[in-house]
Structure formats: C-alpha cells, structure tokens
1. Note down the relative contact order for the chain as a percent, whole number, built from C-alpha pairs under 8 angstrom at least six residues apart.
2. Just how large is the dipole of the chain about the Cα centre, in debye to the nearest 20, putting +1 at every Lys and Arg Cβ and -1 at every Asp and Glu Cβ?
3. Using the Karplus curve 6.51 cos²θ - 1.76 cosθ + 1.60 with θ = phi - 60°, what ³J(HN,Hα) values do you get for each residue of the stretch 33-46, in whole Hz, with x for Gly and Pro?
4. Checking the cross-link filter: which lysines have an alpha carbon closer than 23 Å to that of K94, excluding same-chain neighbours under 8 positions apart?
5. Tell me the net charge near R86. Cut-off is 14 Å between Cβ atoms, R86 excluded, with +1 for each Lys or Arg and -1 for each Asp or Glu.
6. If exposed means no more than 12 neighbouring beta carbons inside 10 Å and the site is in a DSSP loop, what's the longest run of the chain without any exposed GluC sites (Glu not before Pro)?
7. For the stretch 23-130, which trypsin sites (Lys or Arg not before Pro) pass both filters: DSSP loop (anything but H, G, I, E, B) and at most 12 other C-beta atoms within 10 Å?
8. Once the other residues with Cβ under 15 Å from the Cβ of A75 are scored (Lys, Arg +1; Asp, Glu -1), what is the net sum?
Amino acid sequence: MSEDYKNLLDLGIDLIYKGDFNSAIDKITASIELKGDWEISYFYRAVAYQALEKMDEAILDYTKALKLNPKMTDAYYNRAKIMLERKDCEVDIKKVISDLDNALKLDENFIDALFAMAAAQKKIGDYHKALEYLERLLKIEPNAIHARALKKLLLQKYII
C-alpha cells in the first residue's frame, strides 16, 4: 500500500510522455492524495497542467514543489517561463527574475535559464545585463542561434 503513490506517479509520468495529460493529472492527483509531501508529484502535475495551458494550476503546483524542495532547478525555470510568456495577466517581472536567479544559482550553466534571464532583463530595459547573460550562454553554447539573434538585436537596436 505504501508504494501505491509511487506507482500512480510513475503511471502519470508515463501518460505525460504519451501526451495524455488529463489522465496523467488524474493519476498524479491520486498519488498526491496518498502522499501529499512529495515534490516530484507536484512538479510532474505542473508539467501536465502546463502542457494543457492551465497556467494558474501549473504555477500553484510548481510553487508547492518548491516549498517542499527549494532546490528544484526546473521548477524555478518552468514557473518563470510561464510568467515571462503570459499575455493574459500582469506579470511581476521581479518574481520572474528571482526564479531565474534561483535556477542559475543551482545550475550556472542552465542555457535555457540564461536565455530567459536575458529576455527578462531586456523586458525591464537593462540591455547591458541582458547582454551579459547572453555572453555567458554563448561561452557554453557558441552556436545558440536564438542567443546570437537576440544579442544582434540588442547591439543594433538598444546598445549603440
């Protein structure tokens, strides 16, 4: 009986990989009902919610996962990415930057977080700081096309 929550979570994760997000949420929710203090369950349910574009639910579950384990790099990144891309509500860019900063403290070479941080810095008008994050990213991944394009845009349009 004590292993049922793991089996339900494993089934849910498998359903996520198969693209059956609603069924995945059902299985993972059942897992959480059996063991509600396991951050992995909340993380994967958030992933399923995010895939279904249920962003408020995803943010709540990423937040719960981070309360249970503040070292979940991907949860910080995913929550920040949702907020950075939202168009349906006002976004607190300071929270986005804080999440990305936490992700980068845990993994300083997290390429996606570096790019998202550059985008967040551009959004607040700190073009030089955005450029710094892009330079860090390009040292790790010199051929990162999106980073090179954003760097070119910053240099041509904002930093003269």
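1. Working: 191 pairs, mean separation 18.9, N = 160.
About 12 percent, as a whole number.
2. 840
3. Listing the rounded values in order: 5, 7, 8, x, 10, 10, 4, 4, 4, 5, 4, 6, 5, 4 Hz.
4. Those lysines meeting the cut-off are K54, K64, K67, K71, K81, K105, K122, K123, K129, K151.
5. So the environment of R86 carries a net charge of -2.
6. Numbers: sites that count: E3, E53, E90, E108.
Within the chain, the longest run free of exposed GluC sites (Glu not before Pro) spans 109-160.
7. Answer in residue order: K71, K87.
8. Details: positive: R45, K64, K67, K71, R79, K81, K95, K105; negative: E39, E57, D61, D74, D99, D101, D107, D112.
Here the count lands on 0.
Since every read-out is calculated from the coordinates, none of them should be taken as a lab result. Just so we're clear, the structure is a prediction, and the values are computed from it rather than from any experiment. Every residue, glycine as well, gets a Cβ built from its backbone with ideal geometry; the counts of neighbours run over all protein chains shown.
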